[in-house]
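Note sheet for the following structure.
The values are calculated or read from the model by the stated rules, or taken from the named source; none is laboratory data. On a predicted model such as this, the values are computed, not experimentally measured, just so you know. Reconstructed Cβ throughout: ideal geometry from the backbone, glycine too, with neighbour counts over all protein chains shown.
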Amino acid sequence: MTKPVTLTDPIFSLQSLDKYASLMTTGNGYMGIRGSHEEAYTRQTRGMYLAGLYHQAGKGEINELVNLPDVVGMEITLNGELFSLQSGVIESWHRELDFASGELRRTVVWRAPHGGRFAIESRRFASVEKLPLFAMEMAITPLDADATLSISTGIDATLTNHGRQHLDETQVRVFGQQYLQGIYTTQNGRSDIAISSYCQVDGDVQRCFTAKERRLLQHNSLAVTAGQRVTLRKICWIAWTSERSVSLETWGQQSLQELEACVQQGYDGLLAGSAANWHVWWQSRRVQVTSSDSMDQRALDFALYHLRAMTPVHDERSSIAAKGLTGEGYKGHVFWDTEVFLLPFHMFTEPKIARSLLRYRWHNLPGAQEKARRNGWQGALFPWESARSGEEETPEFAAINIRTGLRQKVASAQAEHHLVADIAWAVVNYWHATGDMAFMSHEGMALLLETAKFWISRAVEVNNRLEIHDVIGPDEYTEHVNNNAFTSYMAYYNVEQALWFARFLQCGDEAFIHRAEHFLQHLWRPEAQQDGVLPQDDSFLSKPVIDLSQYKAKAGKQTILLDYSRAEVNEMQILKQADVVMLTYMLPWAFSPQACLANLCFYEPRTIHDSSLSKSIHGIVAARCGESEQGYRFWREGAQIDLGDDPHGCDDGIHAAATGAVWLGAIQGFAGVSVRDGELHLDPSLPDRWQNLTFPLRWQGSDMLFTITAAEIQITSSAAVGMWVNGKKTIVQGECVLKKPEFILSTNGTATTQGDAE
Ligand code: IFM
């Protein structure tokens, strides 16, 4: 495996501070610390988040991922002048996030306004070896003359979530000359956070501490000779508990002891441990592409880095937020993005993480059952947005119309119910990829049964058939419709699978089996027209069509809503994101390639792609239809959602689903990996720019490695795997080379073909 690449922040710009703060978040699935600069800028939003740490600030507010006290900020004065890149001259600049080690580095040569150059070097990382550990260094060298220098840093609890304060300052203390600790409690009293920080500056330092206005700071000042490099080392231990089993005093002491043990190893020792862990991780995850555009490999490494940094593998009561741990967008809530866009990566690389994400839903079944009951249905209606408890967290209202003072209701919590079937779909996928019977017979079955019961109760009888009314499909520009194809097909699949597993595992009662059979016999699902186009819902095709080119050119910005009200948009053939196309992605076996293409060609011109979940799916469906160049264009545009030129596209956090879709696009789109009837299929169609695609995959306990070129496919498998390659049933084991078009060579291993796919 070659080394993952780096992401660089090309220039210091006030415009893109928050974009790069999101992109360059250092994280480990437990915590995420935005890549903000150490020095302050008014247009910079700092953020540190712990997975699963939510709190509701007060009346009328909803649970949100708490923005914790800051440890990154520093006030630096050089010869009495405040270090800020808004003044003086930047003589050189380099800033990069190293995906291989998770370290964020910056080197700047700064000429102060009154003269004198300084080299400013900083680096930091969140440890993947010890999750509560965050370490940073700041080194300053006066380049031209002796200088005086002062650095103040510590723990700054003035941070809020856009003005909403969630924490009480319970206790702040200093221990000896280097250790600071702040203990904070969420205002509902349920969670405590202990932030312990070791700060050490080399040399003959004058040091003092202050604690006021929620800032606990260590102030260091010293005289430095020209060329002398002064380093501040800051090592932090960020602990969180929602179960006070010991006194706060004892708990705080335990945190300090953990920190002291880390301090012994020093920054470099700690980094080495964490980087070694990253190295092992990449070896069984990295997707390598030989492309004429180096951006493609960067997009893949970026995606995988963040897929790790956003996933709380340590805690199955937390799941992945729509912005990961990189910002406060969507208040840190969990959507269907997790099961559909993020879980497949884990399922195919480290299935126990996928299991943990599914167990998050299983733990939250009571909340989902309660939501179904409150609305007059049975089974489990999972919340459209959730946090830790599994309660519905979708805000009731979206932005206010400042002309009318009226607020726009968010309808998703009432009607965007497809999430229920998406979770069931993920459970079945997990089963196929792992054969994990222990999970399936317990949590998996409970999820399948409860979701199926929801759909059975949700359907209404109309003229002797069952229909699903008043829903929102994935296309959120079309609300409150009857018989949305995506929802109805997915509901059918949900109930069908629940019934199959109930029989297989002999666990569904007679009443359920009878009701499920009745549902499957009577549920009406929209039927394809002669041209293969599946109506999105009962009314969609009768609505007028308008030219969307100006809105498509600004995809993601929702500019259509500046010209039309939501109600007007609802009455036109306008899609925010993939809907029928999404369906053909999720249930590919249910639609012929011709039908997939017909729907892609019909719906894409009607789709603005105002959601980050859209382009990538179009790309995969296009690639699966053999349109790999079109697929590549969509894949690239999907990858550019965060990495592109827009200086504000991800200010409030990266788009987690789009990140997952970078991986999905390569594996499910261009490599053509799919699972049909429980069997693994590989139907590659690489875009012209890609000469080679290499990726690992875990399938039913076997570790596999695929290398695809235009001429051949190499497969290495740790055990015998029966799979379909380009439509031929093939058993692979060891190292196999499959030459195109038809014949198969076996090298160190065995590869035998058994026949053509149906
Ligand atoms: O889940 C998505 C939804 O499909 C479109 N709006 C944004 C949500 C969070 O990413």
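Tabulated results
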| quantity | calculated |
| --- | --- |
| Conditions (1) away from the ligand (no atom under 16 Å from the Cβ); (2) under 30 Å from the mean Cα position of the chain (by Cα): number failed by Val462 | (2) |
| Odd one out for Val621, checked against (1) in contact with a helix residue (DSSP H, G or I) (Cβ under 8 Å, 6 or more places away or on another chain); (2) at pLDDT 95 or above; (3) closer than 29 Å to Pro312 by Cα | (3) |
| Inter-residue pairs, beta-carbon under 8 Å, first more than 20 Å from Asp315 (Cβ to Cβ) and in the stretch 225-254, second at pLDDT below 95, 6+ apart | Gln228/Gly203; Val230/Asp202; Val230/Gly203; Thr231/Asp202 |
| Filter result for Thr290 (of a type in the set (S, T, N, Q) and crowded, with 23+ Cβ neighbours inside 10 Å) | no |
| Some residue of the stretch 495-504 being touching a strand residue (DSSP E or B) at 6+ places or on another chain (Cβ under 6 Å) and surrounded by 15 or more Cβ atoms within 10 Å (Cβ to Cβ) | no |
| The stretch 320-350, residues that are surrounded by 23 or more Cβ atoms within 10 Å (Cβ to Cβ), over 10 Å from the mean Cα position of the chain (by Cα) and small (Gly, Ala, Ser) | Gly327, Gly332 |
| Any hit, the stretch 250-269, residues being among the aliphatic types (A, V, I, L, M), surrounded by fewer than 18 Cβ atoms within 10 Å (Cβ to Cβ) and under 30 Å from Leu705 (Cα atoms) | no |
| Odd one out for Ala502, checked against (1) closer than 17 Å to Val428 by Cβ; (2) touching a residue at least 60 places away in the same chain (Cβ under 8 Å) | (2) |
| Test: residue in the stretch 491-512 that is in a loop (DSSP other than H, G, I, E, B), among the β-branched types (Val, Ile, Thr) and under 16 Å from His418 (Cα atoms) | no |
| Qualifying positions in the stretch 544-561 - buried (at least 21 other Cβ atoms within 10 Å of the Cβ) and either among the β-branched types (Val, Ile, Thr) or at positive phi (or both) | Ile560 |
| Helices (runs of 4 or more DSSP H) completely within the stretch 562-656 that count 1 or more residues being within 14 Å of the ligand (Cβ to nearest atom) and buried (at least 21 other Cβ atoms within 10 Å of the Cβ) | 580-586, 615-624, 628-643 |
| Options Gly367, Gly444, Gly405: the member that is on the phi > 0 side of the Ramachandran plot and either within 26 Å of the chain's Cα centre (by Cα) or not basic (Lys, Arg) (or both) | Gly405 |
| Pairs with Cβ under 6 Å, 6+ apart, first in the stretch 401-417 and within 17 Å of Pro474 (Cα to Cα), second more than 16 Å from the ligand (Cβ to nearest atom) and among the acidic types (Asp, Glu) | Ala415/Asp470 |
| Count of residues meeting criterion [outside any helix (DSSP H, G or I) and away from the ligand (no atom under 16 Å from the Cβ)] in the stretch 520-558 | 24 |
| Near pairs, Cβ below 7 angstrom, 6+ apart or cross-chain, from the stretch 609-628 (on the phi > 0 side of the Ramachandran plot) to any residue that is assigned to a loop (DSSP other than H, G, I, E, B) and away from the ligand (no atom under 11 Å from the Cβ) | His609/Ala555; Gly626/Ser685 |
| Single condition Leu466 does not satisfy, out of (1) in contact with a strand residue (DSSP E or B) (Cβ under 6 Å, 6 or more places away or on another chain); (2) of a type outside the set (Ser, Thr, Tyr); (3) in a loop (DSSP other than H, G, I, E, B) | (3) |
| Condition check for Gln178: under 20 Å from Phe209 (Cβ atoms) and surrounded by fewer than 20 Cβ atoms within 10 Å (Cβ to Cβ) | yes |
| Top-ranked residue of the stretch 30-45 - restricted to ones that are surrounded by fewer than 20 Cβ atoms within 10 Å (Cβ to Cβ) and of a type outside the set (S, T, N, Q), ranked as modelled with the lowest pLDDT | Arg43 |
| Single condition Trp377 does not satisfy, out of (1) under 22 Å from the mean Cα position of the chain (by Cα); (2) under 20 Å from Asn494 (Cβ atoms); (3) aromatic (Phe, Trp, Tyr) | (1) |
| Set Ala511, Ala459: member being farther than 30 Å from Val673 by Cα and free of Cβ contacts under 8 Å to residues at least 40 places away in the same chain | Ala511 |
| In the stretch 409-421, residue farthest from Thr394 (Cα to Cα) [restricted to those that are of a type outside the set (S, T, N, Q) and near the ligand (Cβ under 10 Å from one of its atoms)] | His418 |
| Strands (runs of 3 or more DSSP E) wholly inside the stretch 1-79 containing at least 3 residues that are more than 26 Å from Gln181 (Cβ to Cβ) and in contact with a strand residue (DSSP E or B) (Cβ under 8 Å, 6 or more places away or on another chain) | 6-8 |
| Any hit, the stretch 113-122, residues being more than 11 Å from Leu78 (Cβ to Cβ) and buried (at least 19 other Cβ atoms within 10 Å of the Cβ) | yes |
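Residue-by-condition table, conditions (1) in contact with a Lys or Arg (Cβ under 9 Å, 6 or more places away or on another chain); (2) of a type in the set (S, T, N, Q); (3) more than 26 Å from Pro526 (Cα to Cα):
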residue: Gln558; (1), (2), (3): yes, yes, yes
residue: Glu568; (1), (2), (3): no, no, no
residue: Phe602; (1), (2), (3): no, no, no
residue: Ile608; (1), (2), (3): yes, no, no
residue: Val621; (1), (2), (3): no, no, no
